[in-house]
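Below: the structure, in structure tokens.
The values are calculated or read from the model by the stated rules, or taken from the named source; none is laboratory data. The shown structure was predicted, so the numbers you read here are calculated from the model rather than taken from an experiment. Cβ placement follows ideal geometry from the backbone for every residue including glycine, while neighbour counts extend to all protein chains displayed. Ligands, DNA and RNA are stripped out before the accessible areas are found, and what is left, the full protein with its side chains, is counted by its heavy atoms. Shrake-Rupley method; radii C 1.70, N 1.55, O 1.52, S 1.80 Å.
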Amino acid sequence: MSDVNGLSKDAIAFVLETEKDARRAFRLLRDSRTISASGTLFFAVRVPDEEKIITLNYAGLWEDDPDQAVTSVIGFDGTLYWGNAPGGAARYLKIFRKYPDFKAISHVHTPHLGAYSQAHSELPLLYVPNRRFRFTAQLPVYINRRQPEPDFILDSIEKDREVPGIVEANGGATIWSWKGLRDLTNNIVLLEEGAQFQILGQALGGSKPFGPGVLEQQWKMGKLVPPDARVDDDGTIHLPETAQAAE
């Protein structure tokens, strides 16, 4: 495989492999009804060791092969290396430039995150899988569009590095990953699932705070705290004395 349009062999191979992962992700998100019927969904993924991103738009609806991504590759300076103009995904370039370990982002419309967006409501993370690997307690809601969305995301990350996304008022959600496309897809599924369960719970009196020991159990399962740490029910972490002495 030779270099094409300024892309290295490794970059081309990564683009082709990422297209395969995107096809699987599009099918999974559609077949599980995670995304809404309109199919608003795209990914932007960092090309390893290069100042470029791949953008992958879901074709959806009227296409004979809806899972074949509409793919572009653009540089951090806006240079187009592959495909046509990338559309909305290019607005997230400044986040990739700011954080070298920021791997992937998606703007997506899902039914239950969409319900929170219509209500201009933060999403409390009361579904345990959404707290297992992070200390973050809620997704913030982006309302004031006079502030560009990427700037709001950067502000949100600055406040809480572990926050996995935002609710977009009157729209959908923007979700990201520091690991890659597959982890990003899992984040979308779990955040939408949590939003769905919390909305369904309203009929039974609403979601309740975590019970005694839940955060300690989950954070130990996710290896966020040592096995011998103690976690209060308000999230306060008490490290073992040996660990504190080492610090």
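In whole percent, and with a 1.4 Å probe on the protein chains, what portion of the accessible area of the chain is carbon and sulfur?
Details: 6560 of 12700 Å².
That share works out to 52 percent.
Could I have the simple spin-label model distance between residue 202 and residue 80, label points 7 Å from Cα toward Cβ, reported in nm to one decimal?
About 4.2 nm, to one decimal.
Expressed in nm to one decimal, what extension gain is obtained for the pair residue 169 and residue 97 from 0.36 nm per residue of sequence separation less their Cα-Cα distance? Intermediate results must be reported in sequence, preceding the final value.
Values: separation 72, 0.36 × 72 = 25.92 nm, distance 2.55 nm.
Difference between extended and current length: 23.4 nm.
For the chain, what is the relative contact order in percent, using Cα pairs closer than 8 Å and at least 6 residues apart in sequence? Show your work: numbers first, answer last.
Values: 422 pairs, mean separation 40.7, N = 247.
16 percent.
Under 13 Å from the Cβ of residue 31, count the other residues' Cβ atoms, weight Lys and Arg +1, Asp and Glu -1, and hand me the total.
Net charge in that neighbourhood comes out at +4.
Would you calculate a helix-derived [θ] at 222 nm for the chain, using -39,500 (n - 2.57) for each DSSP H run of n ≥ 4 and dividing by the full residue count, to the nearest 500? The partial results should precede the final answer.
Numbers: 7 runs with 83 residues, N = 247.
For the chain, the value works out to -10500 deg cm²/dmol.
Provide, as a two-decimal number, the C-alpha radius of gyration of the chain over 2.2 N^0.38 Å, N being how many residues it has. It would help to have the intermediate numbers written out before the result.
Numbers: Rg = 19.4 Å, N = 247, 2.2 N^0.38 = 17.9 Å.
The reported ratio for this selection is 1.09.
Write out the trypsin sites (Lys or Arg not before Pro) in segment 17-56 meeting two conditions: DSSP loop, and at most 16 other Cβ atoms within 10 Å of their Cβ.
33
Give me the 1.4 Å probe accessible area per residue for segment 44-169, excluding ligands and nucleic acids, in Å². Could the numbers behind the result be given before it?
Working: 5860 Å² over 126 residues.
Ligands and nucleic acids excluded, the result is 47 Å² per residue.
Pull out the extension gain between residue 49 and residue 10, defined as 0.36 nm times the separation in residues minus the alpha carbon to alpha carbon distance; nm, one decimal. Can you show the working numbers first?
Numbers: separation 39, 0.36 × 39 = 14.04 nm, distance 0.99 nm.
Here the segment from residue 49 to residue 10 would lengthen by 13.1 nm.
Rounded, prolate or oblate: which fits segment 54-191, taking a ≥ b ≥ c as square roots of the Cα gyration tensor eigenvalues, rounded meaning a/c under 1.5, else prolate when a/b beats b/c? Could you put the intermediate results ahead of the total?
Details: a/c = 1.58, a/b = 1.33, b/c = 1.19.
Because a/c hits 1.5 or more and a/b exceeds b/c, segment 54-191 counts as prolate.
Two-decimal Rg/Rh of segment 132-247 from alpha-carbon positions, Kirkwood Rh? Write down the numbers at each step before the final one.
Numbers: Rg = 16.7 Å, Rh = 16.4 Å.
Computed over Cα atoms, the ratio is 1.02.
Determine the order of 62, 176 by accessible area, beginning with the largest, at a probe radius of 1.4 Å. If you can, show how the numbers build up before the last one.
Values: 62 230, 176 5 Å².
Largest accessible area first, the residues go 62, 176.
Take every Cα pair under 8 Å in segment 32-139 that's 6+ residues apart, average their separations, divide by the length, and report that relative contact order as a whole percent.
On the way: 157 pairs, mean separation 26.0, N = 108.
After rounding, I find 24 percent.
Using the Cα centre as the reference, give the magnitude of the dipole from point charges on the C-beta atoms of the chain (Lys, Arg: +1; Asp, Glu: -1; all else neutral), rounded to the nearest 20 debye.
Working: 27 positive and 33 negative charges, 55 e Å.
It comes to approximately 260 debye.
Would you mind checking the tilt of helix 149-159 against the longest principal axis of the Cα atoms of the chain, expressed as 0 to 90 degrees and rounded to 10?
Helix 149-159 and the main axis of the chain meet at about 40 degrees.
Let me check I've understood the local charge: for residue 161, count other residues with C-beta under 11 angstrom from its C-beta, Lys and Arg +1, Asp and Glu -1. What total comes out? Mind dumping the intermediate values first?
Values: positive: 134, 159; negative: 101, 158, 160, 162.
After counting each charged neighbour, the total is -2.
How much of the calculated P(r) for segment 30-134 lies past 18 Å, in percent of all Cα pairs? Working shown, then result.
Working: 3176 of 5460 pairs.
The calculated P(r) of segment 30-134 puts 58 percent of pairs beyond 18 Å.
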